[in-house]
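Data first, discussion second: the structure below is written as structure tokens.
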Amino acid sequence: MQTQVIKMDRNNYHTYLFVGLCWLIPIALLSMTIGPIQWIVHWADTFHWNANYRMYSFFVSIFILTLLIVFLTRITSRFLMNVEHFNASLHKGVWLFLTLSCIASLGWILINPELFTAIGQTIASTIL
């Protein structure tokens, strides 16, 4: 028996967009500051990669992170729009987790404005 899921339409696209942003902001911030992008920069410096190889590895990692964010958004939105197995406390917990992770990430950026400089240097050293 297949579970009942609300279809994506004009009435609930805002849910999908909100969930996507709540996954996008923390994952992008972490990947640019301490995650895969920083690892690529470190490996590139350690093993003296040429500029093309750095650029391609940067774009591949961004593509993989984009696929991850889309996958998490679809799974989370499907879970939140599931009407057959509705568990109010679990749904509230997921909404709370997504909202607080997004607010915490934005707060981290506002408290540490030097992150913009670090992220800009990371991107410049990877692409150039």
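Under unit Cβ charges (Lys, Arg +1; Asp, Glu -1), what dipole magnitude, rounded to 20 debye, does the chain have relative to its Cα centre?
My answer is approximately 320 debye.
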From the helices alone, meaning DSSP H stretches of at least four residues, give me the mean residue ellipticity at 222 nm for the chain, per-run term -39500 (n - 2.57), in deg cm²/dmol to the nearest 500. -27000 deg cm²/dmol
Keeping the other protein chains in place, figure out the carbon and sulfur percent of the accessible area of the chain, with a 1.4 Å probe. 72 percent
Solvent accessible area, Å² - Trp43, 1.4 Å probe, full protein context: 120 Å²
With Cβ to Cβ distances under 13 Å as the rule, what net charge do the other residues near Ser125 carry (K, R +1; D, E -1)? 0
Starting from the Cα-Cα distance between Leu30 and Ile64, subtract it from 0.36 nm times their residue separation and give me the gain in nm to one decimal. 10.8 nm
Measure of exposure for Thr76: accessible area at 1.4 Å probe, Å² rounded to 10, is 20 Å²
Once ligands and nucleic acids are excluded and a 1.4 Å probe is used, how much of Ile25 is accessible, expressed in Å² to the nearest 10? 40 Å²
Along the positive direction of the dipole of the chain (beta-carbon charges: Lys, Arg +1; Asp, Glu -1; about the Cα centre), which of Ala118, Val41, Trp108 reaches farthest? Trp108
Long-range alpha-carbon pairs in the chain, meaning those over 26 Å apart, account in percent for 37 percent
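The values are calculated or read from the model by the stated rules, or taken from the named source; none is laboratory data. Note that the structure is a prediction, hence the values are computed from the model and not measured. When we count neighbours, we look across all protein chains shown, and the Cβ atoms used for this are built from the backbone with ideal geometry, even at glycine. Side chains included, ligands, DNA and RNA excluded: accessible areas come from the protein's heavy atoms. Shrake-Rupley method; radii C 1.70, N 1.55, O 1.52, S 1.80 Å.
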